[in-house]
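Only one structure is covered here, and it is reproduced in the block below.
The values are calculated or read from the model by the stated rules, or taken from the named source; none is laboratory data. Treat the numbers as computed from the prediction; the structure is a model and nothing was measured. Neighbour counts are summed over all protein chains in view; Cβ atoms, including those assigned to glycine, are modelled from backbone coordinates with ideal geometry.
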Amino acid sequence: MEKCGFLLINKPAGLTSHDVIDELRKITGIKKIGHSGILDPLATGLLVVGVGREATKKLSDFLKMDKEYVAKIRLGAVSETLDKQGPIKEVKVKKIPSQEEVREFLNKFIGDIEQVPPIYSAKHFKGKRLYQLARQGIKVTPEPIKVKVYYLNLLDYSWPYLKIKTKVSSGTYLRSLARDIGDALGCKGYLENLVRTKVGSFDLEQAVDLNKLNSSNWENFLKEVN
């Protein structure tokens, strides 16, 4: 009988979410595997993976769940991709914001907000992925989407870096949030680093590093489908 359940993976930087799935198919010998929401290659953290038919059927439930992240934002510069993949351009900053100003502006992002998705994203625009259009040099302006920010806590601020912890609704783009925070502060910004720490009730502390799994032990980390 095919094994079925969820694996909580701590995704390393440099791999796409699909790379993780490919590796797990090799480890488990099971083809029916999927994940609960894309993490960009540069991002790390919690990736909920469904193994087996019954588990993959329930992945849509996780897609709708709220998620928590720890994000590092680089201020005083802009990036075409809204992250450190760039290309990156420094901007002239007339006034470096104080910590009090940072806290004040972060509070303005709490609640229901609208954000424009990154042009380098998998979101569809007239039947094509935005990143496909961007790579072809086709400039489009995506429609704003409505998302919710439950909290946005300042963890550290030492110019030009800003570190936050935030819980957001499904579909929120942290790269867009980083850009918008930089714009609000009047100094621009992009996402330097991102770690997903929670998906619903699942926590990163429960996750296992991908390189610690092998064909002999992966079943020990499998969580049952309820």
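Brief remarks follow.
- When residues of region 49-71 are limited to those that are at pLDDT below 95 and among the aliphatic types (A, V, I, L, M), the one nearest to Val149 (Cα to Cα): Met65
- Tally of residues being surrounded by fewer than 16 Cβ atoms within 10 Å (Cβ to Cβ) and within 30 Å of Thr16 (Cβ to Cβ) across region 95-122: 3
- Filter pass, Phe105 being under 18 Å from Leu154 (Cα atoms), assigned to a loop (DSSP other than H, G, I, E, B) and in contact (Cβ under 8 Å) with a residue 40 or more places away in the chain: no
- Output for region 215-225, where each listed residue is surrounded by fewer than 10 Cβ atoms within 10 Å (Cβ to Cβ) and within 26 Å of the chain's Cα centre (by Cα): Glu224
- Identification of strands (runs of 3 or more DSSP E) wholly contained in region 112-226 with 2 or more residues that are farther than 26 Å from Leu15 by Cα and at pLDDT 95 or above yields 145-158.
- Qualifying residue in region 73-85 (condition: out of contact with any helix residue (DSSP H, G or I) (no Cβ under 9 Å at 6 or more places or on another chain) and of a type in the set (A, V, I, L, M)): no
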